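Structure, as structure tokens:
The values are calculated or read from the model by the stated rules, or taken from the named source; none is laboratory data. Being a predicted model, the structure only gives us computed values, none of them experimental. Don't worry about glycine lacking a Cβ; one is built from the backbone with ideal geometry, like all the others, and counts go over all protein chains shown.
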Amino acid sequence: MPAFSLEPVRTAWGAQLRALAADRLRPLAEKGEPGHVNRPLVAELGRLGLLARLFTSGAVDLCLMRESLAYGCTEAETALALQGLGAHPVHAHGTPAQRERWLPRVADGTAVAAFALSEPGAGSDAAALSLRAQPGEGPDRAAHEGPAASLDAEPDGPARWRLTGEKCWISNAPEADFYTVFARTTPGAGARGVTAFLVPADRPGLTGTPLDMLSPHPIGSLDFDAVPVTADDVLGEADRGFRVAMNTLNLFRPSVGAFAVGMAQAALDATLDHTARRNAFDGTLRDLQTVAHRVAEMALRTEAARLMVYAAATAYDERTPDVPRRAAMAKLLATETAQYVVDAAVQLHGARALRRGHLLEHLYREVRAPRIYEGASEVQRGIIAKELYASLEDR
């Protein structure tokens, strides 16, 4: 890590995390079943104290954790990140009762969290959510739906709303233990009419379906059939849930960039080693100017992305007003950079990099999704432009 952006103690911690990822987390990741939550891996993250740090560290340390873990074990990085994404709204906006019930279990790895924002018709345009939170108690579902909808799963007190609709592309669904769910409480109000709810997975009327995705962790859809929620399930304030979502994304977007930087660095290091040793054309690959220049470009872009990621994280920790712009820039540059670096690494390795189980084959599959989730690259460009023109009007 560059000394001018991270203090020596953080640099040393990053090295420790890389070693942990390789020695203790990678073996657990390899035993996991693709498309399912790797609960032993999540539990190990808890035992190592890394999940607890999600609630005690700032954005810089979150980025350092994600970059370092991604370098050695992308599955561990993703497991940690999804715990943070799903539980951060509870940590930042939850009631004391909500935090007391769920955060210790997230921290020790015994409860799996999920962030349920996207819908079939509202992915990039998060303000267009259509999952309905309809007022009124509605029927007593537990009385006629059998043992799966037990009274124990009902919320405390009468339901103030019933959630009806669908969520889609939700990481950790349908295997999470609770979901941070964003639903429309005021029709026609756009972003101002959305409320965030903490919804345990055993609520009656909540079911899920796994989706067969290019991902080692589960991604699924959630169906809400008049799922009961009360005022005690609200995160923050009613009709102010869009702010909960955006505050969470402003924190996690730079850290998605850190995840990307970790993958880019792993690909770059593998390429340096390969091109220095691979014999070709009466020398090594490094002796070919086209190869050397490509490697230089990979290093240049990776370092530029890293600097932007930590600049955005520092801005978040210091509560500067330009956080949305910086967060969008960091995610955009880092994820696009990682795509370029990993692709270039595959090209310089040749056919061996396409063999199942090769590091670069793994990274090639992993690197594509971050350009889409938590706001696609096109969305980030829109945010950047919007923030730039807003600052112009404020002058």
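Just need a number here: residues in the stretch 188-210 that are assigned to a loop (DSSP other than H, G, I, E, B), surrounded by 17 or more Cβ atoms within 10 Å (Cβ to Cβ) and among the aliphatic types (A, V, I, L, M).
The number of residues fulfilling the criteria is 1.
Select from the stretch 245-271 the residues that are modelled with pLDDT under 95 and hydrophobic (A, V, I, L, M, F, W, C) and write down the one among them that is farthest from Tyr340 (Cα to Cα).
Ala245
Let me spell it out: the conditions are (1) under 30 Å from Arg306 (Cβ atoms); (2) in contact with a Gly (Cβ under 7 Å, 6 or more places away or on another chain), and Ala258 meets all of them except one. Which number is the exception?
(2)
Give me the pairs, please: first residue somewhere in the stretch 268-283 and under 11 Å from Met298 (Cβ atoms), second residue anywhere and outside any helix (DSSP H, G or I), beta-carbon distance under 7 Å, and either six or more positions apart or on two chains.
Thr275/Thr284
Could you list, in sequence order, the residues of the stretch 112-155 that are modelled with pLDDT of 90 or more, of a type in the set (Gly, Ala, Ser) and under 23 Å from Gln380 (Cβ atoms)?
Matches in the stretch 112-155: Ala114, Ala116, Ser118.
For the stretch 269-322, enumerate the residues that are polar (S, T, N, Q), crowded, with 19+ Cβ neighbours inside 10 Å and out of contact with any strand residue (DSSP E or B) (no Cβ under 9 Å at 6 or more places or on another chain).
Thr271, Thr302
Let me confirm something: among Leu251, Leu222, Leu198, which residue is within 30 Å of Ala76 (Cβ to Cβ) and under 16 Å from the mean Cα position of the chain (by Cα)?
Residue meeting the stated conditions: Leu251.
Just to check your reading of the model, which residue among Arg39, Arg53, Arg47, Arg99 is within 27 Å of Phe242 (Cβ to Cβ), of a type in the set (Lys, Arg) and modelled with pLDDT of 95 or more?
Arg99
Given the criteria within 17 Å of the chain's Cα centre (by Cα) and surrounded by fewer than 23 Cβ atoms within 10 Å (Cβ to Cβ), does Phe55 qualify?
So Phe55 fits the description; yes.
Considering only residues of the stretch 97-125 that are farther than 23 Å from Lys167 by Cβ and in a loop (DSSP other than H, G, I, E, B), which is nearest to the chain's Cα centre (by Cα)?
Gly109
Mind checking which residues of the stretch 74-112 are over 18 Å from Arg253 (Cβ atoms) and hydrophobic (A, V, I, L, M, F, W, C)?
Ala76, Ala79, Val90, Ala97, Trp102, Leu103, Val106, Ala107, Ala111, Val112
For the stretch 169-186, check the following and say yes or no: at least one residue is on the phi > 0 side of the Ramachandran plot, outside the structural domain of Arg306 (by TED's automatic domain parsing), touching a helix residue (DSSP H, G or I) at 6+ places or on another chain (Cβ under 7 Å) and modelled with pLDDT under 95.
The answer is no, given that none of the residues of the stretch 169-186 is on the phi > 0 side of the Ramachandran plot, outside the structural domain of Arg306 (by TED's automatic domain parsing), touching a helix residue (DSSP H, G or I) at 6+ places or on another chain (Cβ under 7 Å) and modelled with pLDDT under 95.
So, Arg243, is that one in a helix (DSSP H, G or I), in contact with a Ser or Thr (Cβ under 8 Å, 6 or more places away or on another chain) and among the charged types (D, E, K, R) or not?
For Arg243, the condition - in a helix (DSSP H, G or I), in contact with a Ser or Thr (Cβ under 8 Å, 6 or more places away or on another chain) and among the charged types (D, E, K, R) - is not met.
Of all residues in the stretch 156-168, which are acidic (Asp, Glu) and modelled with pLDDT under 95?
Across the stretch 156-168, the qualifying residue is only Asp156.
So in the stretch 329-345, with the set limited to residues that are surrounded by 21 or more Cβ atoms within 10 Å (Cβ to Cβ) and farther than 17 Å from Arg66 by Cα, which one is nearest to the chain's Cα centre (by Cα)?
Met329
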